[in-house]
Amino acid sequence: MSQHTIQLDHVSFAYAGEAVPSLNDVTTAFDKGECVCIEGPNGCGKSTLFRILLGLSYPTRGTYTLEGETVDAKSMKEEAFAAKLHRKIGFLFQNSEVQLFTGSVEEEIAFGLEQLGLPESEVDRRTEEYLRMFDLAAIRHKAPFNISGGEKKRTALAAVFAMEPEILVMDEPLSGLDEDGQAWLTDFIKGLHSKERLILIATHNRELSAAVADRVVRMDKNHRVI
Amino acid sequence: MRMNLSVMRLIGRVIDSDTQFHRGYQTPRPAPILRLAVAFVCILLCALSRNAWFTLAVLSVELLRTAMKPPRVMAHILRPVAVAVIFAAAFTAPAIFLGSPGSFGTITMKVCESVLVLSLMNEEVSWKETTGALSSLRLPGIVIFTLDTTVRFLVILGRFSNEMVEAVSLRGVGKRSWRTAGTGGILGTTFLKSQQMATATSEAMVCRGFNGSYAPGRRRLRANSRRQHLIDGLYALLIPLLIAGFIYTQRLMTAG
């Protein structure tokens, strides 16, 4: 049996004190080279699924494996394993505001690179490259909470991309963007397709799915993958 | 006449450089760490000073610097100073009637000088630069992060609660009880929102590989050009000059 990049086997998850699980017996797999859109109504468990993929929550039942290695509370306690997982998976939050926490756009991009332990010259090189790529050079010294919604989204994207993750997870990437911003981001995601990269997108936007997805996974109100 | 022209030219250049600074140009300015150090020394020496000469001298220079700013900036700088001076004067006014009018003058002047130094620094050095300067003093990263994040949260939560106030006032037209209930709701919701945001931010940091180190200083405090080093060097000279001035004015009192 070939090994999937991400494999979920009968994964269920319930938040503490809640009787109804937020994820109910989900079995699915994702592989590098594909762009998968996850669609479903509000509260169906898309965000919970992403939290599990990112190692922020752990399945209460079932197993989650990333490139053959089980991701659970025990493995995430190992610093090296957690660092490896977060280096592999980049996450774009639905609300960019909470994702930006440093004093300037430039520092935001450099933050993840510094955490990766890259040499100073490499941090500088990549910071400059991604500032240019995302057209952020003019606002590099501005505080991220004082820039527009589109700029926030681009800053968050640049910060994630600068870390060059193999798996990119995006939660409602088009939310809060105007038409031009949405068109730009849709084109950008299209351009990300690569054999070496897996892209997972949670969205309500059917147009986005039609434009970028190789495959669409649907979730229902019962928190299951259809 | 020639001297007057030179003075005018000098003032013109200072105003020009200030205007450029406020328009966001990247003109070399003294390093924030030096500004912090000079401000600290000014406030410390004024507090230690046992006569008014030193405080008066520093206050004069600071007021001169303030006077060279554009009117809008000047008002921004002087507003907190005025409030502090009024409070200090009100609290020390009884000293006049208790036979110690000198204390009234000295304390009010010291308060004025200290707040003016801080207000000027606040205008000229951004919060980001200040925390960057603190990080270069080997303060733990977590302290710097807390300072940075506090400002960010204050701004974001301020905006959030402002939007809620608008929403409540739109719904509560003419009904005072609605507004009272709304205020409690706003405070509670803002508190809950702050908790959610803190959790989300910590998760975002974890997702970006946060390993406990936060060191923004290097990026904020770059000073590579020779001109920048020269400006820093000249500005650093202010510290021994201030100390010398302090010793001189204290001796004046002893001699008197």
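Based on Cβ point charges of +1 for Lys and Arg and -1 for Asp and Glu, what charge dipole magnitude is obtained for chain A about its Cα centre, in debye rounded to the nearest 20? Please report the intermediate quantities before stating the final value.
Working: 25 positive and 35 negative charges, 108 e Å.
I would put it at about 520 debye.
Taking the radius of gyration and the Kirkwood hydrodynamic radius from Cα positions alone, what is the Rg/Rh ratio for region A:6-218, to two decimal places?
Values: Rg = 17.2 Å, Rh = 17.9 Å.
Across region A:6-218, the Cα-based Rg/Rh ratio is 0.96.
Which one of B:Y214, A:F13, A:H141 has its Cα pushed farthest toward the positive end of the charge dipole of the protein assembly as shown, where Lys and Arg give +1 and Asp and Glu give -1 at the Cβ?
Of the listed residues, the answer is A:H141.
Using a Förster radius of 25 Å, what is the FRET efficiency between A:K88 and A:T63 based on their Cβ-Cβ separation? Nearest 0.05, please.
Details: r = 18 Å, r/R0 = 0.71.
Step by step, r from the Cβ atoms, then E = 0.90.
Hey, could you get me the Stokes-Einstein D for the protein assembly as shown, Kirkwood radius over alpha-carbon pairs, 37 °C and 0.692 mPa s, rounded to whole µm² s⁻¹?
Working: Rh = 26.5 Å.
Taking Rh from Cα pairs, D becomes 124 µm²/s.
Using the per-residue mean of other Cβ atoms lying within 10 Å as a proxy for protection, in what order, highest first, do the peptides A:156-167, A:24-35, A:61-72 fall? Spell out each step's value before the answer.
On the way: A:156-167: 22.2, A:24-35: 17.2, A:61-72: 15.4.
Output ranking for A:156-167, A:24-35, A:61-72: A:156-167, A:24-35, A:61-72.
Run the dipole for the protein assembly as shown about the Cα centre, Lys and Arg Cβ at +1, Asp and Glu Cβ at -1, nothing else charged, and hand back the magnitude in debye, nearest 20. Present the calculation step by step, with values, prior to reporting the outcome.
On the way: 54 positive and 47 negative charges, 388 e Å.
Around 1860 debye, computed over the protein assembly as shown.
Once label points are set 7 Å from the Cα along Cα→Cβ at both B:F40 and B:V155, what is their separation, rounded to one decimal in nm?
A separation of 2.6 nm, rounded to one decimal place.
Restricting the count to DSSP beta bridges whose residues both fall in region A:6-218, what percent are antiparallel, rounded to a multiple of 5? Intermediate results must be reported in sequence, preceding the final value.
Values: 12 of 29 bridges.
If we restrict to bridges inside region A:6-218, about 40 percent are antiparallel.
Work out, step by step, the length gained on full extension between B:L241 and B:Q195: first 0.36 nm times the residue separation, then minus their alpha carbon distance; give nm to one decimal.
Working: separation 46, 0.36 × 46 = 16.56 nm, distance 4.84 nm.
Fully extending the segment from B:L241 to B:Q195 adds 11.7 nm.
Using a 10 Å cut-off around each Cβ of peptide A:111-118, what is the average number of partner chain Cβ atoms that fall inside?
Numbers: counts 8, 5, 2, 10, 9, 3, 3, 0.
The mean count of partner-chain Cβ atoms within 10 Å per residue comes to 5.
Using Cα atoms only, what is the angle between the long axis of helix A:79-88 and the major principal axis of chain A, expressed in degrees (0 to 90) to the nearest 10?
70
With runs of 4+ DSSP H residues as the only contributors, calculate the mean residue ellipticity of the protein assembly as shown at 222 nm using -39,500 (n - 2.57) per run, divided by the residue total and rounded to the nearest 500. Don't skip to the answer; put the middle values down first.
On the way: 21 runs with 293 residues, N = 482.
It comes out at -19500 deg cm²/dmol, rounded to the nearest 500.
What spacing in nm lies between the two simple spin-label points modelled at B:T146 and A:N146, each 7 Å away from Cα in the Cβ direction?
2.4
What nm value, rounded to one decimal, do you get for the distance between B:R171 and A:A138 when each label is placed 7 Å out toward the C-beta?
3.9
Under 10 Å, Cα contacts only: if you run a Gaussian network model on chain A, which one of A:Y58, A:Y130, A:Y15 comes out with the highest mean-square fluctuation?
A:Y15
Find which of A:V71, A:V123, A:F81 sits farthest along the positive direction of the dipole of region A:19-128, computed with +1 on the beta-carbon of Lys and Arg, -1 on that of Asp and Glu, about the Cα centre.
A:V71
Rule-based calculations on the coordinates, nothing more; no lab input. For clarity, every value in this text was computed on a predicted model and none was experimentally measured. Here the Cβ is made from the backbone with ideal geometry for all residues, glycine too, and neighbour counts use every protein chain on show.
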